[in-house]
Amino acid sequence: MSVTTMTPTTALPTAVARTHGVGRSVSDVLALTRRNLVHISREPFQLSDVTIQPVLFTLMFVYVFGAGMVLPGGADYKDFAVPGLLVFNLVTSTVGTGVGLSMDVNSGVVDRFRTLPMWRPGILVARSVTDLLTAAVCAGVVAVTGFAIGWSPTDGAGRALAAFALVLLFGYAVSWMCACLGLASKGVETAQALGLLVLFPIVFVSNALVPTQRMTPWLRDLTTWNPVSAVTAAARELLGNPNPASAIHAWPMQHPVYTTLIWSAGLVAVFAPMATFLYRRRAAD
């Protein structure tokens, strides 16, 4: 009489996951991205940070701050501010990446995914893809609001598209940092608080909303090497909008596009593997 050895069901997903090809992994990412989009469609207010918030911030900063802002050369503040607000809104909206992952990890959804024959990092990649799509919505809202108040790019459609693509790339890179914050947090509220605590100083201590030439020297140097300042200067340069930072003789301000690409690659290289490690550790708890 032969003896049949039963393999525990929990071992099946691991075995299947190891044999995943590229096509199957892509399929898993698409399915998980669709899941995230379905959740958003059922609770549209989740998009308030990329739809309502950009409109409010654009109008508030342009008409409140702009009323008392004097720019070098007498440039129009709205032309200066809209590229900065594009970066401001895209960077701060990446808090949603950390919040979404923290919600999945702490609600037990990840435990259910572990029982499925799916690519394990797929949930991280799908979250980043979902947030890239919502970031594109945010960029569109900022652009439409800018057009409504009289802003416009002046260097052609090709360079304008390049500017938006560059800012989206940087936002995508920052979202991996927020993913790490969300996975390291014990709750959704903590993830949101940590994200805002880290991102708000970065975006405010930059040239996104104000020119930096008259700042205290140590603060001006800090803003000059802030990656948000680089991506903002790159966006203004590509859009043909006023860019006072071009007068600062520091490498990031003289080569903002290259600086943005370097920062984006560095952030992904550091935080994507870290997020994968944190996810696997949380999933194994």
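Please work out which residue is farthest from Leu209 (Cα to Cα), limiting yourself to region 25-77 and to residues that are outside any helix (DSSP H, G or I) and open to solvent by 80 Å² or more (accessible area, probe 1.4 Å).
Glu43
When you check Asp131 against the structure, is it in contact with a Phe, Trp or Tyr (Cβ under 9 Å, 6 or more places away or on another chain), surrounded by 14 or more Cβ atoms within 10 Å (Cβ to Cβ) and acidic (Asp, Glu), yes or no?
Yes, satisfied.
Scanning for something closer than 18 Å to Ser264 by Cα and out of contact with any Pro (no Cβ under 8 Å at 6 or more places or on another chain), does region 142-158 turn up at least one residue? Give the steps one after another, and end with the answer.
We begin by selecting, within region 142-158, every residue closer than 18 Å to Ser264 by Cα; these are none.
No: region 142-158 contains no residue that is closer than 18 Å to Ser264 by Cα and out of contact with any Pro (no Cβ under 8 Å at 6 or more places or on another chain).
Do we find a residue being surrounded by fewer than 20 Cβ atoms within 10 Å (Cβ to Cβ), over 20 Å from Phe61 (Cβ atoms) and aliphatic (A, V, I, L, M) anywhere in region 226-243?
no
Residue by residue through region 144-156, note down the ones that are surrounded by fewer than 19 Cβ atoms within 10 Å (Cβ to Cβ) and of a type outside the set (Phe, Trp, Tyr).
Val144, Ala148, Ile149, Gly150, Ser152, Thr154, Asp155, Gly156 - these are the residues of region 144-156 that are surrounded by fewer than 19 Cβ atoms within 10 Å (Cβ to Cβ) and of a type outside the set (Phe, Trp, Tyr).
Do you know which residues across region 249-285 are outside any helix (DSSP H, G or I) and either open to solvent by 30 Å² or more (accessible area, probe 1.4 Å) or of a type outside the set (A, V, I, L, M) (or both)?
His249, His255, Asp285
In region 1-59, which residues are more than 25 Å from Thr92 (Cβ to Cβ), polar (S, T, N, Q) and modelled with pLDDT of 80 or more?
The answer is Ser27, and nothing else.
Could you please tell me which pairs satisfy a Cβ distance under 7 Å, a separation of 6+ or placement on different chains, a first residue in region 201-221 that is β-branched (Val, Ile, Thr), and a second residue that is open to solvent by 60 Å² or more (accessible area, probe 1.4 Å) and in a helix (DSSP H, G or I)?
Val205/Leu222; Thr212/Arg220
Which residue out of Ala136, Ala126 is modelled with pLDDT of 90 or more and either open to solvent by 50 Å² or more (accessible area, probe 1.4 Å) or of a type outside the set (Asp, Glu) (or both)?
Just one listed residue meets the conditions, Ala136.
Taking region 157-191, which residues are over 30 Å from Gly108 (Cα atoms), touching a residue at least 40 places away in the same chain (Cβ under 8 Å) and open to solvent by 20 Å² or more (accessible area, probe 1.4 Å)?
Taking region 157-191 and keeping what is over 30 Å from Gly108 (Cα atoms), we get 157-170.
Adding the requirement that they be touching a residue at least 40 places away in the same chain (Cβ under 8 Å) leaves 159-160, 162-164, 166-170.
Within region 157-191, Arg159, Ala162, Phe164, Leu168, Leu169 meet the criteria.
Limited to region 184-226, what total is found for residues that are in a loop (DSSP other than H, G, I, E, B), among the β-branched types (Val, Ile, Thr) and over 16 Å from Gly84 (Cβ atoms)?
1
Could we say that Gly98 is open to solvent by less than 10 Å² (accessible area, probe 1.4 Å), touching a Lys or Arg at 6+ places or on another chain (Cβ under 9 Å), assigned to a helix (DSSP H, G or I) and touching a residue at least 24 places away in the same chain (Cβ under 8 Å) here? Break it down stepwise before answering.
Numbers: open to solvent by less than 10 Å² (accessible area, probe 1.4 Å): yes; touching a Lys or Arg at 6+ places or on another chain (Cβ under 9 Å): no; assigned to a helix (DSSP H, G or I): yes; touching a residue at least 24 places away in the same chain (Cβ under 8 Å): yes.
Taking the combined requirement at face value, the residue does not satisfy it.
The values are calculated or read from the model by the stated rules, or taken from the named source; none is laboratory data. Just so it is clear, the structure is predicted and the values come from calculations on it, not from any experiment. Quick reminder, even Gly has a Cβ in these numbers, built from the backbone with ideal geometry, and neighbours come from all protein chains shown. When the accessible area is computed, the model is the full protein with side chains, heavy atoms only, and any ligands, DNA or RNA have been set aside. Shrake-Rupley method; radii C 1.70, N 1.55, O 1.52, S 1.80 Å.
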